[in-house]
1. Across region 29-39, what is the number of residues that are surrounded by fewer than 21 Cβ atoms within 10 Å (Cβ to Cβ) and in contact (Cβ under 8 Å) with a residue 12 or more places away in the chain?
2. Tell me which of these ALA31 doesn't satisfy, since it passes every other one: (1) modelled with pLDDT of 90 or more; (2) over 30 Å from LEU115 (Cα atoms).
3. Just to be sure I understand the filter: pairs with C-beta atoms under 7 Å, separated by 6 or more residues or on different chains, first member in region 45-61 and closer than 15 Å to VAL122 by Cα, second member part of a helix (DSSP H, G or I) and aromatic (Phe, Trp, Tyr). Which pairs pass?
4. Starting from region 1-24, take each residue that is under 19 Å from VAL100 (Cα atoms) and list its partners that are not aliphatic (A, V, I, L, M) and not in a helix (DSSP H, G or I), counting only C-beta distances under 8 angstrom and pairs at least six apart or across chains.
5. If I filter region 130-159 down to residues being of a type in the set (Gly, Ala, Ser) and open to solvent by less than 40 Å² (accessible area, probe 1.4 Å), which single residue comes out as nearest to GLU50 (Cα to Cα)?
Amino acid sequence: MNALATYLNDHLAGSVAAIELLDHLINEQSAQRLEKFLVELRDDINSDQEVLHDLIQKLDLGESAVRKAGAWIAEKLGEMKVLLGGNEIGGLGLLQALEVLALGICGKELLWRGLQTVEANVSQLQGIDLERLEQRAREQFERVEKERLHLAREAFSAE
């Protein structure tokens, strides 16, 4: 179970960083085109984070404060990179922020798929719709990718 605890806590930490980044972007995009998209994405990631919290509790694994703190620090460093690249539509920073989110969402999809391989052996996983969670991650990725490509066109044709 140590490997599973580490794995789940790593993903939980990733969700902490994603939500922090999204909160920052929502603040920067207030009353702009991307605000609604970012709020909906943050709400989805919050829901997925709750599933992880519940699963860690069900498995009696404990949450890693160190990993969550590390994720927070990493996100703050990433936020600096976004600021340097520009938060405005057409800015490289916003494009890179969406790329980071897309990568995290891909990792989350792989998390749910990986857990499906051990579902039969870990009773606490039974009753969790891992296939639906995997599908939701794919849908999140597609939404982010659509916006990311839109931002890429804006960023690179502005040069």
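1. Looking only at that region, the number is 6.
2. (1)
3. Filtered contacts from region 45-61: no entries.
4. ASN9/GLU63; ASN9/SER64; LEU12/GLU63; LEU12/SER64; ALA13/SER64
5. Here the answer is ALA137.
The values are calculated or read from the model by the stated rules, or taken from the named source; none is laboratory data. Remember, predicted model here, so these are calculated numbers, not experimental data. A quick note on method: Cβ atoms are made from the backbone with ideal geometry, for glycine too, and the neighbour counts reach across all protein chains shown. When the accessible area is computed, the model is the full protein with side chains, heavy atoms only, and any ligands, DNA or RNA have been set aside. Shrake-Rupley method; radii C 1.70, N 1.55, O 1.52, S 1.80 Å.
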